[in-house]
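*Asks:* Quick one: structure below, then a few questions.
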Amino acid sequence: MALPKPHEADLVVIGAGPAGAAAALAASRAGLSVVLLDEAASPGGQVYRAPPAGLSVSPGKRGPDDDAGDALRAGIAASSVVWRGSARVWSVSGAFRVDAVTPSGNESFFAPRLVAATGAHERLVPFPGWTKPGVIGLAAATILLKSQGMIPGRRSVVAGCGPLLAAVAAKIVVAGGAVAAVVDLSGPGDWLRALPGLARRPDLLRQGLGWALKLGAARVPVLFRHGVVAVEGAEACERVVAAPVDTEGRPRGGSLRGFEADALAIGHGLVPGAEITKLLRARHHFDPAAGGWTPVRDAFGRCSVAGLYAVGDGAAVAGAEPARLSGQLAGLAAAHDAGRIPLEAFEREAASVRAGLARMSAFAGAVGRLMRPRPAMVEAIAPETVICRCEDVTRSEIETAIAEGARDINQLKHFTRCGMGPCQGRMCGETAAGLLALQVGSREEVGYWTGRPPLRPVPLADLLGRFDYGDIPVPTPAPL
Amino acid sequence: MTALRFAGGFERGATVTFHVDGAAVRAHSGETLAAALLAAGVVALRRSPRDGAPRGAYCFMGVCQECVVRVDGALRQSCQVAVVDGLSVELRGAV
Ligand SMILES: Cc1cc2nc3c(=O)[nH]c(=O)nc-3n(C[C@H](O)[C@H](O)[C@H](O)COP(=O)(O)OP(=O)(O)OC[C@H]3O[C@@H](n4cnc5c(N)ncnc54)[C@H](O)[C@@H]3O)c2cc1C
Ligand code: FES
């Protein structure tokens, strides 16, 4: 039976990655009743994603992320947090009502406070051939490797920027796969400059150096300061072409390098989703260092909408450990705001978390710089390149719409249908906004898509769930 | 593109059989449909609406919608569906 069942709590947390899990635990320890929702079957988020039931990493092969993930899941299980997995949130309204599709149909949750911890998605600046089957996101490759135990292809090129590059390439090599090349937008100098920041997480730095050594030992060619300029193949990826780029990722001439490969894993950084804060019309500002549009927040994650907190990479891209700490702060703040933690205790507990977060800021800054948006790459996109995958809208069509007077991203959507497809602009939004910004002057003027439900497409059958007509309450008709 | 299952270091669930346009495909319980299709070498899942260009799974996290196929008659994101015995997948028409 699947009629909406209302659940009430002091706090609803959406997203059970390191940020949301920490928020839920901190608030529940302080005495709040907490519901934690995630569309995944178990907590962990992107970085600590658990393989689904039936699959598992063999005992001898487990890495630090597997252990951290198990610790996170054990923490939630041992707490009084009400965990609801396989719950895809599609609507958030009022202050606050959260609707989620669960295996038993739609369920509604009500709470006066809400933590949004829904994570980031990947940026990819389009190039000819990027829509061909066989081209996948770099973050997508981590999902295949971590939770499915699969290597993306028989021969892969791994390309883009940031720490995931080495991670994905090394994991493929360790699993016995072939990496044709690593194509890195950054140069050795960029990595050297990032070192002091990355060294704030010595464990991760060591891990990164280990990956680099593995790639060296496997003699994988690493092309620094190169970008992918084309993917060729009739029906799928067969060949990946790379070219030298300047410091901003713009092709700068020079010899092309081609690699036979049936898979390309490529990503140009992460974009904070900020979906729930946009939906609830919180104030946002554009911050390239945080990955893009980010909700305006105080030090505890409080947004401009009362009772709303935003944490983790979904608010500002900073990495797993800063995400955890920002979540913990918001959980404490929610409990304090609800009158459950007296000011003095709140300030004492928060101070040590804030100190930890401050120590991480150099790390987050270094990661952010490696993965920053590069407007020059957007400027260099060839006119016939598809920008919007859902609606096959090309750059030249977008330029036509701009010439005809589209001045902000929502006008552009109406002129071109770019952003109207089923992905709701998540794949093309950054590029479309970047193109428009080249003409109107800034990303601030361009704005962002107006958030609307559903947050994610949901099949109508799932909303209704399975029900018996006999269970539907029918009021007795009034006597005639 | 054919995804390769790790040769070792990863435990898999029982073998399951599902059908793609009538042809039997074997996979392991716990795998997502998108991953199982890739491992079977099925990389093009659909055609884009305007250009009719081939498309395949891209984000594996439920965002891009490129992996949508017909599963037991209903349109589903294959990266969000777990394979089970007897599942029937239709690409015909979509590809
Ligand atoms: C695909 C991907 C792979 C990544 N892999 C790595 C990696 O291997 N190593 C690394 O260090 N960093 C990785 N990252 C970076 C990652 O953003 C951070 O390391 C860290 O996971 C951020 O934590 P978080 O809690 O802010 O968000 P996340 O860990 O992303 O957690 C957000 C959670 O919210 C859930 N969610 C989102 N929207 C909804 C909704 N509408 N309804 C219900 N639930 C929802 C998601 O299912 C997810 O579990 C990856 C990022 C992405 C996007
Ligand atoms: S691969 Fe992107 S939604 Fe499934």
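*Asks:* Give me the accessible area per residue for chain A, probe 1.4 Å, as a whole number in Å².
*Replies:* Values: 19450 Å² over 480 residues.
Result: 41 Å² per residue.
*Asks:* Dipole of region B:15-90 (Lys/Arg Cβ +1, Asp/Glu Cβ -1, origin at the Cα centre): which of B:A57, B:V89, B:T32 lies farthest to the positive side?
*Replies:* The residue sitting farthest along the positive end of the dipole is B:A57.
*Asks:* Nothing charged except the Cβ atoms of Lys and Arg (+1) and of Asp and Glu (-1): what's the magnitude of the dipole of region A:52-139 about its Cα centre? Round to the nearest 20 debye. Intermediate results must be reported in sequence, preceding the final value.
*Replies:* Values: 9 positive and 7 negative charges, 32 e Å.
That gives a dipole near 160 debye.
*Asks:* Another question about this same structure. If I model a spin label at A:R62 and A:H285 as a point 7 Å from the Cα along the Cα→Cβ vector, what separation in nanometres do I get?
*Replies:* 4.3
*Asks:* For chain A, what is the per residue volume of the convex hull drawn over the alpha-carbon atoms, in cubic angstrom? Spell out each step's value before the answer.
*Replies:* On the way: hull volume 84.3 nm³, N = 480.
Convex hull volume per residue, Cα atoms: 176 Å³.
*Asks:* Please enumerate, by chain and number, the lysines with C-alpha under 17 Å from the C-alpha of A:K61, excluding those fewer than 8 residues away in the same chain.
*Replies:* A:K146, A:K171, A:K214
*Asks:* For B:V20, list long-range residues whose amide hydrogen, built 1.01 Å from N in the peptide plane, is under 5 Å from its own amide hydrogen.
*Replies:* B:V25, B:V89
*Asks:* Sticking with this structure for a sec: Could you please put A:T247, A:T142 in sequence from largest to smallest accessible area, using a 1.4 Å probe? Don't skip to the end; give the middle numbers.
*Replies:* Values: A:T247 80, A:T142 20 Å².
If we order A:T247, A:T142 from most to least accessible, we get A:T247, A:T142.
*Asks:* I've got another one for you. Once the whole set of protein chains is in place, how much accessible area is left on A:L195, using a 1.4 Å probe, in Å² to the nearest 10?
*Replies:* Rounded to the nearest 10, that gives 70 Å².
*Asks:* Positive end of the charge dipole of the protein assembly as shown (Lys, Arg +1 and Asp, Glu -1 on Cβ, about the Cα centre): tell me which of A:L264, A:G451, A:I276 has its Cα farthest that way.
*Replies:* A:L264
*Asks:* Any idea which of A:G54, A:A315, A:A170 is furthest toward the positive side of the dipole for the protein assembly as shown, if Lys and Arg beta-carbons carry +1 and Asp and Glu beta-carbons -1?
*Replies:* Result: A:A170.
*Asks:* So how do A:E275, B:E90 rank on accessible area, 1.4 Å probe, biggest first, that is with the largest at the start? Could you put the intermediate results ahead of the total?
*Replies:* Details: A:E275 30, B:E90 70 Å².
The ranking, largest first, comes out as B:E90, A:E275.
*Asks:* Here's something else I'd like to know. Given a 1.4 angstrom probe, what's the average accessible area per residue across region B:15-90, in square angstrom? Each step should come with its number before you reach the end.
*Replies:* On the way: 2690 Å² over 76 residues.
I get 35 Å² per residue for region B:15-90.
*Asks:* Looking at region A:54-86, which residues lose a minimum of 10 Å² of accessible area between their chain alone and all protein chains in place, measuring with a 1.4 Å probe and not counting ligands or nucleic acids?
*Replies:* Residues shielded by partner chains are A:G54, A:L55, A:S56, A:V57, A:S58, A:K61.
*Asks:* How far apart, in nanometres, would the label points at A:L343 and A:D203 be if each is projected 7 angstrom from Cα along the Cα-to-Cβ direction?
*Replies:* Computed distance between label sites A:L343 and A:D203 equals 3.7 nm.
*Asks:* From the backbone phi of region A:344-353, what are the Karplus-calculated ³J(HN,Hα) couplings (6.51 cos²θ - 1.76 cosθ + 1.60, θ = phi - 60°) in whole Hz, Gly and Pro given as x?
*Replies:* Ordered by residue, 3J(HN,Hα) equals 4, 5, 4, 5, 5, 5, 5, 4, 6, 5 Hz.
*Asks:* What are the ³J(HN,Hα) values, in whole Hz, obtained from phi via the Karplus relation 6.51 cos²θ - 1.76 cosθ + 1.60 with θ = phi - 60°, for each residue of region A:135-144 in sequence order, with x given for Gly and Pro?
*Replies:* Going residue by residue, I get 8, 10, x, 5, 5, 4, 4, 5, 5, 4 Hz, with x marking Gly and Pro.
*Asks:* Here's something else I'd like to know. Collect residues whose amide H, placed 1.01 Å from N in the peptide plane, falls under 5 Å from the amide H of A:G292; neighbours closer than 5 in sequence don't count.
*Replies:* It is A:D287, by chain and number.
*Asks:* In addition: Give me log10 I(q)/I(0) at q = 0.12, 0.21, 0.22 Å⁻¹ for region A:1-75, Debye formula, one equal scatterer per alpha-carbon, no solvent.
*Replies:* -0.40, -0.93, -0.98
*Asks:* Looking at chain B as a GNM with Cα springs under 10 Å, which of B:L33, B:L45, B:L75 has the largest mean-square fluctuation?
*Replies:* Of the options given, B:L75 has the highest mean-square fluctuation.
*Asks:* Work out the FRET efficiency for A:A306 and A:R452 from their Cβ-Cβ distance, taking R0 = 22 Å, and round it to the nearest 0.05. Write down the numbers at each step before the final one.
*Replies:* Values: r = 22 Å, r/R0 = 0.99.
Approximately 0.50, to the nearest 0.05.
*Asks:* Another question about this same structure. Which lysines does A:K413 reach when only Cα atoms under 22 Å apart count, and residues fewer than 8 places away in its own chain are ignored?
*Replies:* Here the lysines satisfying the reach criterion relative to A:K413 are A:K278.
*Asks:* About the Cα centre of region B:15-90, what is the dipole size in debye to 20, counting +1 per Lys and Arg Cβ and -1 per Asp and Glu Cβ, all else neutral? Provide the component values of the computation, followed by the final result.
*Replies:* Working: 7 positive and 7 negative charges, 44 e Å.
With Lys and Arg at +1 and Asp and Glu at -1, about 200 debye.
*Asks:* I would also like to ask the following. What FRET efficiency do you get for A:T247 and A:T400 if R0 is 35 Å and r is their Cβ-Cβ distance, rounded to the nearest 0.05?
*Replies:* On the way: r = 31 Å, r/R0 = 0.89.
Rounded to the nearest 0.05, the efficiency is 0.65.
*Asks:* May I ask you to evaluate 6.51 cos²θ - 1.76 cosθ + 1.60, the Karplus curve with θ = phi - 60°, for each residue of region A:413-425 and list the ³J(HN,Hα) values in order in whole Hz, giving x for glycine and proline?
*Replies:* Going residue by residue, I get 4, 6, 6, 10, 6, 4, x, 8, x, x, 7, 6, x Hz, with x marking Gly and Pro.
*Asks:* Same structure, new question: A:G227's amide H: which non-local residues (gap 5+, or another chain) put their own amide H closer than 5 Å, with H modeled 1.01 Å from N in plane and none for Pro or chain starts?
*Replies:* Result for A:G227 returns A:A243, A:V245.
*Asks:* In debye to the nearest 20, how big a dipole does chain A give about its Cα centre with +1 on each Lys and Arg Cβ and -1 on each Asp and Glu Cβ? Could you put the intermediate results ahead of the total?
*Replies:* Numbers: 50 positive and 44 negative charges, 198 e Å.
Around 940 debye, computed over chain A.
*Asks:* How big is the A-B contact in terms of buried accessible area, both chains counted, 1.4 Å probe, rounded to the nearest 100 Å²?
*Replies:* Details: alone 21460 and 5750 Å², together 23150 Å².
Result for this pair: about 4100 Å² buried.
*Asks:* Give the residue list of GluC sites (Glu not before Pro) in region A:181-269 that are DSSP loop and have at most 15 other beta-carbon atoms within 10 angstrom. Display every interim value, and only then the final one.
*Replies:* Numbers: sites: A:E232, A:E235, A:E238, A:E248, A:E260; in loops: A:E235, A:E238, A:E248.
The qualifying sites are A:E235, A:E248.
*Asks:* Now a separate question. In nm, to one decimal, how far is the A:D298 label point from the A:R219 one, both placed 7 Å along Cα→Cβ?
*Replies:* With each label point 7 Å from Cα toward Cβ, the separation is 6.1 nm.
*Asks:* Right, here's the next one. If region A:381-446 were replaced by its equivalent ellipsoid, with semi-axes equal to the square roots of 5 times the Cα gyration tensor eigenvalues, what would those be, largest first, whole Å? Walk me through the numbers on the way to the answer.
*Replies:* Numbers: eigenvalues 52, 32, 23 Å².
Ellipsoid half-lengths, sorted descending, are 16, 13, 11 Å.
*Asks:* Next question. What value does region B:15-90 have for Rg/Rh, both radii from Cα atoms and Rh as Kirkwood defines it?
*Replies:* Values: Rg = 11.6 Å, Rh = 12.3 Å.
Here the Rg-to-Rh quotient is 0.95.
The values are calculated or read from the model by the stated rules, or taken from the named source; none is laboratory data. The shown structure was predicted, so the numbers you read here are calculated from the model rather than taken from an experiment. Counting neighbours? That spans all protein chains shown, and the Cβs are built from the backbone with ideal geometry, glycine included. Ligands, DNA and RNA are stripped out before the accessible areas are found, and what is left, the full protein with its side chains, is counted by its heavy atoms. Shrake-Rupley method; radii C 1.70, N 1.55, O 1.52, S 1.80 Å.
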